[in-house]
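Engineer: Structure provided below as structure tokens; questions to follow.
The values are calculated or read from the model by the stated rules, or taken from the named source; none is laboratory data. Since this is a predicted model, take the numbers as computed values, not measurements. Heads up, the Cβs are rebuilt from the backbone with ideal geometry, glycines too, and the neighbour counts pull from every protein chain shown. For accessibility, only protein heavy atoms count, side chains too; no ligands or nucleic acids. Shrake-Rupley method; radii C 1.70, N 1.55, O 1.52, S 1.80 Å.
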Amino acid sequence: MDDCGGLEHKFARFSEGLAITDNAVIEGYASLFGQADQGGDVVEAGAYAASIKALASEGRKVKMLWQHDPAQPIGVWDEVREDKRGLWVKGRLLEATQKGQEAIALIGAGAIDGLSIGYRAVKASKNDKGQRLLKELELWEVSLVTFPMLPSARVAAKGGDPEGDTLRELAAVLRDARLELAQR
């Protein structure tokens with residue numbers, strides 16, 4: 001938990017590198033259900049439903065931030081929804097902002113490969129493994145971040161550069177193999 005009014009963060013990793021389309025669109029999963037993150041938290045299916053509904057009824061959107069900094073919005077999430085797998089997001093990086101331009105360059109280079117959600121736990125319990133089961137969350141923001149906490153949650157974006165996509169896929173395979181070896 002951080003000191004920003006009790007707002008917590010949960011991280012996810014981009015899959016196979018993140019490509020950016022001409023209009024800087026990114027999409028994928030910011031959170032996956034039923035998987036323990038490195039902090040021992042497990043988000044249950046339906047945890048975001050009430051928050052997403054409340055935001056829509058109030059005409060508000062989940063914010064897209066850079067490294068959880070509320071002073072650095074870098075884009076907009078056009079779609080945020082739950083499906084049976086997790087929390088799926090789709091949005092646009094704003095190239096008119098300095099941080100938006102930097103994010104596009106860093107993602108393209110493979111230097112940034114994570115997403116993190118900023119939320120407040122509304123309902124949670126502990127299981128017999130000592131894991132916190134997150135049953136209802138108030139979702140505030142989804143940030144692009146350097147260090148993700150939930151490596152198995154994946155985000156992808158559509159890219160128009162087949163050669164770049166192949167190189168990013170190769171880099172992802174090498175990165176995943178390195179991480180697997182490090183865990184042994």
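Engineer: Checking Ala36 against (1) open to solvent by 30 Å² or more (accessible area, probe 1.4 Å); (2) modelled with pLDDT of 75 or more; (3) in contact with a Leu (Cβ under 6 Å, 6 or more places away or on another chain), which test does it fail?
Structural biologist: (3)
Engineer: Which condition does Lys90 not pass, out of (1) at pLDDT 95 or above; (2) open to solvent by 50 Å² or more (accessible area, probe 1.4 Å); (3) farther than 15 Å from Trp140 by Cβ, if it passes all the others?
Structural biologist: Evaluating Lys90 over (1) at pLDDT 95 or above; (2) open to solvent by 50 Å² or more (accessible area, probe 1.4 Å); (3) farther than 15 Å from Trp140 by Cβ leaves (1) as the failure.
Engineer: Return the residue satisfying two criteria in turn: it lies in the range 113-132 and is within 16 Å of the chain's Cα centre (by Cα) and among the hydrophobic types (A, V, I, L, M, F, W, C), and of such residues it is modelled with the lowest pLDDT.
Structural biologist: Only one residue fits best here, namely Leu115.
Engineer: Something else: Which members of the range 45-71 meet the condition of being closer than 21 Å to Gly28 by Cβ, open to solvent by less than 80 Å² (accessible area, probe 1.4 Å), not in a loop (DSSP other than H, G, I, E, B) and not small (Gly, Ala, Ser)?
Structural biologist: Matches in the range 45-71: Ile52, Leu55, Met64, Leu65, Trp66.
Engineer: Which count do you get for residues in the range 96-107 that are surrounded by fewer than 15 Cβ atoms within 10 Å (Cβ to Cβ) and acidic (Asp, Glu)?
Structural biologist: Counting residues in the range 96-107 that are surrounded by fewer than 15 Cβ atoms within 10 Å (Cβ to Cβ) and acidic (Asp, Glu) gives 0.
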